[in-house]
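First the structure, in the form of structure tokens, and then the observations on it.
FYI, it's all coordinate maths here, none of it is from the lab. Note that the structure is a prediction, hence the values are computed from the model and not measured. Counting neighbours? That spans all protein chains shown, and the Cβs are built from the backbone with ideal geometry, glycine included.
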């Protein structure tokens, strides 16, 4: 039985003999197969290499089994020797394997491994330039889709819009509420420590309210969106591309930018202010709970929060949130549309969407900070 | 199990809940033959293959592969057989060479250079020596199938299971793959168990075949494919081999 015999003695053995001063004989025994030859591979090649000036004989009389692994070892020994060796005691089956392996390997003395081409990967500037070109092309496609939308309204399916809004918005609410509440509590605790030294602990309410409404609410809501929805868009669209669903769309006369990208952008623009608002409110509730814990009355906290913050802060935050969402959705879709091939490519697209989304949030936030400062908002 | 029988299945059955896929399936595969399991879609041929390679425990019956019982000695069987999956199932993050080197890395003590050399030999045996450094995503379906075959051959198993090897291939590439199977049998003395419904492949490579039928929940014919094509009176077998619409 094949398996039982293999299990009994899986090892191969090799001894070096010198029948006369001008001859080196490598005497093999046992099983010359993939499992067996591992231990004798390097000693065999080294012994064959040392035999360079003398005659090399490969004695296979005591070999039980020799398959392609064993034949490859013999060929490797010949390659190290530099020319064909004399093979002794080989069975007809072993000869067949050896002939087969010699047939596919370069002759002894030639380069042992002829590899295929490896496509050089684009690096550094070239990669960034290629990504920029793709980004501009994508923006162009989206702009064209928007311009032509009135003629392609049928491609914007309300069912898709609702599903996307549900995935990006409604299903994100529990996480948003949790993150917002914890943000409020943490900011209140961290803010109270330095404020307490000046007896201004109550002003923590002002600090947290303004920080959340103007800045942190929108940024954190966008980070949640980038992690959940941006990556999901990239994976979904990328998988569709790999499955040739995008090609199918094109053959049906549908435009991927209108059919896939625009609904996602619209859904995110709609839900992002809502998510931001929910996060803002949750953070303020968290702050309220923490401040109540410090012993301040409810009305005092509310009055203090409303005294400093304005509706403009809230609206500015919501507007920023929508812009962040737009960028995240666009980057997610673009990552999906430019996905490579294979399952790894989908993972890479999702990662690119999250990283790109977060970088975009910070860059846009910086730009907004500059604009709001200049406008005195 | 006699020395010439490498696969033996006795009274195999498979059910999923109330749904019976097949029952009472028995077969013997002899050393050096190409045994084809054929049948229409939903007849259970891929299920039977999954049972034979130990991926799906049968609900009834016994299996012996290379003298080891399935599923009890599944690990020993899996390390001693080669399997070519329908999709090729190459690892997308590795080059073709690395894909073939993987079993050698996992199961042998070969030094890295020897693993590479041996893997390259396998790739050249299937005609892919020059594509060794390509990624699976960079090669055609036929090349991916041949690379997967090279990976299945990495440890020189005496027995290979092929699941729909011609699926998704054009007739010429499919014929080339059939020729490769015949060459590997001739050169390496391998035994093949092939699941397919490609008539041209069945007639080109099959020494013996076993035909499953979904409605009969089991085997409806067994024998040499060309003889079945010429002489079988079974309506399903005739419909299959003569492409008749029933």
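Annotations for the structure displayed:
- Neighbour counting of Cβ atoms within 10 Å sorts the residues B:124, A:154, fewest neighbours leading, into A:154, B:124.
- Taking other Cβ atoms within 10 Å as a rough exposure proxy, A:37, A:278 sort from fewest to most as A:278, A:37.
- Sorted largest first, extent of the stretch A:252-377 alpha carbons per principal axis (Å): 62, 34, 26
- Listed residues A:60, A:315, A:306, most fluctuating in chain A (Gaussian network, C-alpha, under 10 Å): A:60
- Pairwise FRET efficiency - residue A:254 versus residue A:83, Cβ, R0 = 51 Å, nearest 0.05: 0.20
- Gain in span if fully extended, residue A:55 to residue A:11, counting 0.36 nm per residue against the direct Cα distance: 13.2 nm
- Against chain B, whose longest principal axis comes from its Cα atoms, helix B:96-107 is set at around 80 degrees.
- Over 23 Å [Cα-Cα, chain B], rounded percent: 50 percent
- Residue-averaged [θ]222 nm for chain A, counting only DSSP H segments that reach four residues, each worth -39500 (n - 2.57): -21500 deg cm²/dmol
- Considering helices alone, the calculated mean residue ellipticity of chain B at 222 nm is -10500 deg cm²/dmol, with DSSP H runs of length four and up weighted by -39500 (n - 2.57) and normalised per residue.
- R0 of 60 Å, Cβ-Cβ distance residue A:312-residue A:348: FRET efficiency to nearest 0.05: 0.90
- Between 0 and 90 degrees, the angle of helix A:158-168 with respect to the longest Cα principal axis of chain A falls at about 80 degrees.
- Simple spin-label estimate for residue A:137 and residue B:130 in nanometres, 7 Å along Cα-Cβ: 2.9 nm
- When the stretch B:128-169 is reduced to its Cα atoms, the Kirkwood hydrodynamic radius in Å: 11.2 Å
- Fraction of alpha-carbon pairs over 14 Å apart in the stretch A:319-377 - percent: 58 percent
- Two-decimal Rg to Rh for the stretch A:221-264 - Kirkwood Rh, Cα set: 1.07
- Using the empirical formula 2.2 N^0.38 Å as the baseline, the Cα radius of gyration of the stretch A:159-245 reaches a ratio of 1.55.
- Cα coordinate range in chain A, projected on the principal axes (Å, largest first): 105, 62, 45
- Angle of helix A:41-50 to the longest C-alpha principal axis of chain A, folded into 0 to 90 degrees and rounded to 10: 50°.
- Summarising the strand pairing of the protein assembly as shown, around 50 percent of its internal DSSP beta bridges are antiparallel.
- Note on chain A: GNM, Cα springs under 10 Å; of A:257, A:62, A:126, the largest mean-square fluctuation is that of A:62.
- Per-residue Cβ neighbour rank within 10 angstrom, fewest leading, A:40, A:269, A:377: A:377, A:269, A:40
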